[in-house]
1. Per the Debye formula with a single identical scatterer at each Cα and no solvent contribution, what log10 I(q)/I(0) holds for the stretch 29-91 at q = 0.24 Å⁻¹?
2. From the alpha carbon gyration tensor of the chain, can you work out the equivalent ellipsoid semi-axes (sqrt of 5 times each eigenvalue) and give them in Å, largest to smallest?
3. Between Asp145 and Thr117, what is the spin-label point distance in nm, taking each point 7 Å from the Cα along the Cα→C-beta axis?
4. Report the Cα centroid-to-centroid distance between the stretch 103-144 and the stretch 44-62 in angstrom, as an integer.
5. When only the heavy atoms of the protein chains count and the probe is 1.4 Å, how do Trp67, Trp107 rank by accessible area, highest first?
6. Find the relative contact order for the stretch 1-82 and round it to a whole percent, using C-alpha pairs within less than 8 Å whose residues are 6+ positions apart.
7. If you place +1 on the Cβ of every Lys and Arg and -1 on the Cβ of every Asp and Glu, how big does the dipole about the Cα centre of the chain come out, in debye to the nearest 20?
8. Please list Arg142, Arg131 in order of solvent-accessible area, largest first, computed with a 1.4 Å probe with all protein chains present.
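The values are calculated or read from the model by the stated rules, or taken from the named source; none is laboratory data. Everything numeric in this text was worked out from a predicted model, so none of it was measured. When we count neighbours, we look across all protein chains shown, and the Cβ atoms used for this are built from the backbone with ideal geometry, even at glycine. Just the protein is used for accessible areas: all its heavy atoms, side chains included, with ligands, DNA and RNA removed. Shrake-Rupley method; radii C 1.70, N 1.55, O 1.52, S 1.80 Å.
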Amino acid sequence: DDGHALLVPRSGDFTASLTFSGVYDTLYDQAGLMVRSAPESWTKFGVELMDGQPHLSVVVTRELSDWSTEPLPGFDPVTIRVTRLGGALLCQHRGRVPQDRIDADGWRLVRLAPCPTGSLAVGPYLCSPQRQGFGARFEDFRVTDPVVRDLHG
């Protein structure tokens, strides 16, 4: 609860998308989308600096947190989206990744995670636990009816 987020309430299924960029130069500088239902129940998905390079990062917290990352070369700006379908949250990325890892619409699955089914809040966030002054530019944030696609198509 000590990062910065602009969250809008949402219930039911939805897709939230965000295009953003940032000046990542300190360990754990990060920005992206936050899906939050309670202080101990949230998911953040975005870009985070670690080991000197930007990574796609997903943290899923349900009392305890887990963290998944993968290097993200050539990322500025980046577009991500989350889709809640029932009790699942689909995290996807569109950008400069190898062509064999992109679906027909240009979106690539990063993670499929559990998601609470009740009311929650979703929106852009940014955080820099190691310093002050990190900034990000949020170019496009949308919340729509869910964009549904075949996971393996």
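1. For the stretch 29-91 at q = 0.24 Å⁻¹, log10 I(q)/I(0) is -1.06.
2. Details: eigenvalues 94, 77, 37 Å².
In descending order, the three semi-axes are 22, 20, 14 Å.
3. So the label points at Asp145 and Thr117 sit 2.1 nm apart.
4. So the separation of the two Cα centres works out to 10 Å.
5. Numbers: Trp67 120, Trp107 15 Å².
Reading off the accessible areas and sorting them downward yields Trp67, Trp107.
6. Values: 138 pairs, mean separation 24.1, N = 82.
Here the relative contact order equals 29 percent.
7. Working: 15 positive and 19 negative charges, 57 e Å.
Once rounded to the nearest 20, the dipole reads 280 debye.
8. Details: Arg142 135, Arg131 70 Å².
Ranking Arg142, Arg131 by accessible area, largest first, yields Arg142, Arg131.
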